[in-house]
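So the structure is just underneath, and the comments pick up after that.
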Ligand code: FES
């Protein structure tokens with residue numbers, strides 16, 4: 001088992017939330033992605049060991065859900081929603097612009113960046129929407145999508161946050177986010193800590209004021225965990 005001490009402690013915390021260890025498979029798969037950038041056979045074996053099931057059982061979960069990646073996707077994974085609201089408001093044009101600007105067809109990666117279709121990402125009111133490393137941007141035009149790709153290529157940001165991307169590349173938002181996660185994404189895996197940080201954010205006053213969406217507020221200031 002080669003996980004960092006932090007991840008192993010987090011895994012223990014998550015497992016303790018459930019009466020059955022196997023119920024923690026899904027959040028632990030995110031920890032495995034954080035360790036290696038994607039789900040390696042070793043990561044799957046570690047989750048199996050921690051949850052006391054077989055690697056095949058963990059593999060069957062990992063390959064069922066699209067957000068779990070069993071192949072490398074690059075440093076930045078751009079996921080363009082292609083479900084109905086986004087489709088009706090120009091998701092095809094947005095995806096084509098991103099594919100054209102990046103030179104990467106949907107479903108592929110060049111080792112630095114990956115591009116993919118995504119099913120509804122829960123921002124239908126701000127369609128068309130996309131994710132970069134699971135951080136959301138809403139109201140994205142094809143031209144802003146091209147700018148986003150150039151920014152990723154040229155600036156190579158160390159971390160990705162919804163607030164920064166929304167300010168730089170976003171348009172109409174669906175609504176202000178209810179609870180902000182304290183961390184920005186540092187790789188092609190979710191920044192959210194699977195369970196627990198939303199509760200911590202609420203306890204610490206993390207819920208933003210009505211209409212308040214100042215960039216960076218409540219973000220990148222370290223986890224309360
Ligand atoms: S249809 Fe795109 S976010 Fe729901």
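Could you name every one of the helices (runs of 4 or more DSSP H) located completely within the stretch 41-88 that has at least 1 residues being in contact with a helix residue (DSSP H, G or I) (Cβ under 6 Å, 6 or more places away or on another chain) and buried (at least 22 other Cβ atoms within 10 Å of the Cβ)? Write out each step before concluding.
Details: elements: 41-51, 55-62, 84-88.
Ranges flagged: 41-51, 55-62.
Evaluated against (1) over 18 Å from residue 157 (Cα atoms); (2) buried (at least 21 other Cβ atoms within 10 Å of the Cβ); (3) away from the ligand (no atom under 13 Å from the Cβ), residue 99 falls short on exactly one condition, (2). Here residue 181 meets each of (1) within 26 Å of residue 38 (Cβ to Cβ); (2) surrounded by fewer than 21 Cβ atoms within 10 Å (Cβ to Cβ); (3) in contact with a helix residue (DSSP H, G or I) (Cβ under 6 Å, 6 or more places away or on another chain); (4) modelled with pLDDT under 95 with one exception, condition (2). Residue 21 falls short on exactly one of the conditions (1) in the same structural domain as residue 188 (by TED's automatic domain parsing); (2) without any contact (Cβ under 8 Å) to a residue 40 or more places away in the chain; (3) more than 16 Å from the ligand (Cβ to nearest atom); (4) in contact with a helix residue (DSSP H, G or I) (Cβ under 9 Å, 6 or more places away or on another chain), and that condition is (1).
The values are calculated or read from the model by the stated rules, or taken from the named source; none is laboratory data. Since the model is a prediction, treat every value here as computed from it, not as a measurement. Here Cβ is always computed from backbone atoms with ideal geometry, including for glycine, and neighbour counts include all displayed protein chains.
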